[in-house]
C-alpha cells in the first residue's frame, strides 16, 4: 500500500493556485494548515499530476534557448523569468520586485544584454548591448546562441 500523501488534495491546491499563491507559498501553507513538511518540487509534481500546472509558461520571447539543467538556476535566467512575468502583468512579491528592479537598473546602466552558450560552464553571460538581436528593446537578450571562445592552453 502506498504511503499517504503529504501534499494537500487537488481542491486545496486548485484554490491556492486561483488565489495566486506561488509554489513556495504553498509549501508554507501546507506546513501551517496540515503540519506537513513538503518540498516545492512535491507541490509542483502534485499540481502537474492534478492538471493544475502552468505548462504554457515558458516565456519563449524572453528565454528562447533550450537551457541545460546545469544552468537552470542561473541568476540571469531567473531575472528573465521575473521580467517576463512582470511584462505579462503578473504580480511580483516585494523581494522579487526589488531583485528585478536592481537587475534591470544595472542592465540599463551598463548597456548589457543576456547571452547564452549551453556548452560553456557558466552558460549565461552579460554581453554588450550592440549584440542585441531581439526586436523588443525591453527584452535584453541575444536570442542567437553565443559561442564563447575556449581558452587555448599554453604549450603542448
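We did not get these values from a lab; they are worked out from the coordinates using the rules stated. Computed from a predicted model, the values in this text were never measured in an experiment. Glycine gets a Cβ as well: all are built from the backbone with ideal geometry, and neighbour counts include every protein chain shown.
Here is a list of conditions, (1) touching a strand residue (DSSP E or B) at 6+ places or on another chain (Cβ under 9 Å); (2) loosely packed, with under 11 Cβ neighbours inside 10 Å, and residue 105 meets all of them except one; can you say which number that is?
Every listed condition holds for residue 105 apart from (1).
Looking at the range 108-124 only, could you name the residues that are more than 16 Å from the chain's Cα centre (by Cα), buried (at least 16 other Cβ atoms within 10 Å of the Cβ) and within 20 Å of residue 61 (Cα to Cα)?
The answer is 112, 113, 117.
Checking the conditions here, which among 76, 64 is over 11 Å from the mean Cα position of the chain (by Cα), closer than 20 Å to residue 124 by Cα and in contact (Cβ under 8 Å) with a residue 40 or more places away in the chain?
64
Just one of the numbered conditions (1) in a helix (DSSP H, G or I); (2) farther than 28 Å from residue 22 by Cα; (3) in contact with a helix residue (DSSP H, G or I) (Cβ under 8 Å, 6 or more places away or on another chain) is not true of residue 104; which one?
(2)
If you take the residues of the range 141-152 that are in a loop (DSSP other than H, G, I, E, B) and in contact (Cβ under 8 Å) with a residue 60 or more places away in the chain, which of them is farthest from the chain's Cα centre (by Cα)?
For the range 141-152, the residue satisfying everything is 145.
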